[in-house]
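The values are calculated or read from the model by the stated rules, or taken from the named source; none is laboratory data. This one's a predicted model, so the numbers in the text were calculated from it and none came from an experiment. With ideal geometry, Cβ positions are generated from the backbone for all residues, glycine too; neighbour counts draw on all protein chains shown. Surface areas here come from the heavy atoms of the whole protein model, side chains and all, with no ligands, DNA or RNA. Shrake-Rupley method; radii C 1.70, N 1.55, O 1.52, S 1.80 Å.
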Amino acid sequence: MTWDITGMGAVASIGGTPQEIFAALCAGRSGLAGLRAFDTAKYRARQAYEIDDRARPGADEPGRSTRWLRQAVAQALTDAGLPHDLADVPVLVGTTLQEQRSAELWWREGTPLTPSDLHFGTALRAAFGATRTYTFANACAASLYALAMATDLIEAGAADTVVVAGTDAIGESAFGTLDRVQNDIPDALRPFDRSHKGMLMGEGAVAVVVQRAPAASAPGRRVHARVRSVGINCDAHHPTAPDPEGITRVVRDAHRRAGVGPGDIDLVMLHGSGTPKNDTTEAGVLAQIFAAGPGGSDGGGTGDSDSTGYGGGPLMTAVKSMTGHTLGGSGLLSLVVAALALRQGTVPPVLGLSDPVEEAAGLRLVQGTAATADLGLAQVDAFGFGGINAAAIVEAVR
């Protein structure tokens, strides 16, 4: 069974719609700036990928995660040609921090807070009449976990249409924790480059409308891309360190469910968090999966060349190099970018990548400028703390 993506919405530091974000990525424009949310004097890192939408400089606001969630969902419904009425439509939201920043502002500054406003369902009910809302806190793989649940709901006949979303705003407690545990002080998020020093947080929301295929048969309906599979697992290997075996299993499971092999994949949207351990682990796993030979790409390995100038195997990119790590929504944002890349035949570069880590030496990482190619099938990676892993396979719809 497959599932159609008929509507998309997104907001991030580099744009307020999916197309704006994609254009910025292809142009190599970064959302990196000095941190605005709170006083950075007590922290080593001073940069982040924030959405600059506060009413007053230097004064943070509650409810920003929820605000962006409403925006992204509204965009996706309009894009799908659906009414803004979700009374009978499940809405599944992936997040890492939910409205943690709102709670911080209440505790530290006395900003008014209604407990019900900490739950996304409150705002979704008020804005769209949604009565079936569910929040997934599956770390940085949360929104792809939500996508997996959406496909299960449709396959089980519990829904024909599901809205899947992800949203997060930067919280001071999370930022401070990250600042303490990272050995180095990153001034930018540089996935897979030898100069990478760690992860910097980003902000944003993303939403997609997922419908039973073939949704294109409905009058006036268009399909951005088709979900072939979502693989998920939790290897529980370590609180923070990724497990190569767990990541290998989830990627191969996604391939198996989609009925494809590594040689069928044209594009990989990397997790690419910019942390040395995550980058080297992800690169090492993918180098093995897409290597020529048994269990690999069946002859389409990394040594061959093609018209793109990047050699053989799938093209690979990492959008966090320009958006920062948007946490719970990051996997779904990569999927939206993948859908646009499949349709437009353009792959954004990995910004700041000039000297790839040794483990990535054979991978077709897009560097410098966007690459153009005929793309049919994309893999989307999302890996979180605690060994929470997800991988999705999406197909172009011509």
Next on the checklist: Restricting to bridges with both residues inside the chain, how much of the DSSP beta-bridge set is antiparallel, in percent to the nearest 5?
Outcome noted: 70
Checklist outcome for this item: Carbon/sulfur accessible area of the chain, % of total, 1.4 Å probe, equals 51
Item to check | Å² per residue, accessible surface of the chain at 1.4 Å | outcome: 37
Next on the checklist: I need the Kirkwood Rh of region 48-182: take the reciprocal of the average 1/r across all distinct C-alpha pairs and report it in angstrom.
Outcome noted: 15.9
Item to check | Average silhouette area of region 5-122, convex hull of alpha-carbon atoms, in square nanometres | outcome: 9.2
Checklist entry - How big is D for region 146-187, in µm² s⁻¹ as a whole number, if Stokes-Einstein is applied with the Kirkwood radius of its Cα pairs at 20 °C and 1.002 mPa s? => result 159
Checklist entry - So, how do all the Cα-to-Cα distances of the chain break down into 20 Å bins, in percent, from 0 on up? => result 31, 60, 10, 0
Checklist outcome for this item: In debye to the nearest 20, the charge dipole size for region 72-153, taken about the Cα centre with +1 at each Lys and Arg Cβ and -1 at each Asp and Glu Cβ, equals 120
Next on the checklist: Please report, ordered by residue number, every helix of the chain (full DSSP H runs) that is 15 Å or longer along its axis going by C-alpha atoms and whose mean Kyte-Doolittle hydropathy reaches -0.5.
Outcome noted: 64-80, 142-155, 276-289, 330-344
Checklist outcome for this item: Residues other than Leu351 with Cβ under 12 Å of its Cβ, Lys/Arg counted +1 and Asp/Glu -1, net out at +2
Checklist entry - If we sort 193-205, 167-179, 328-340 on the protection proxy, mean other Cβ atoms within 10 Å, highest first, what's the order? => result 328-340, 193-205, 167-179
Item to check | With 10 Å bins from 0: P(r) over region 204-266, alpha-carbon pairs, percent | outcome: 17, 32, 35, 13, 4
Checklist entry - Under a straight-distance cross-link criterion of Cα-Cα below 13 Å, which aspartates and glutamates are reachable from Lys42, leaving out those fewer than 8 residues away in the same chain? => result Glu172, Asp179
Item to check | the chain, dipole about Cα centre (Lys/Arg Cβ +1, Asp/Glu Cβ -1), debye to the nearest 20 | outcome: 500
Checklist entry - Hey, can you rank 60-71, 244-255, 377-388 by average C-beta count inside 10 Å, highest first? => result 377-388, 60-71, 244-255
Checklist entry - Which lysines does Lys277 reach when only Cα atoms under 21 Å apart count, and residues fewer than 8 places away in its own chain are ignored? => result Lys197, Lys320
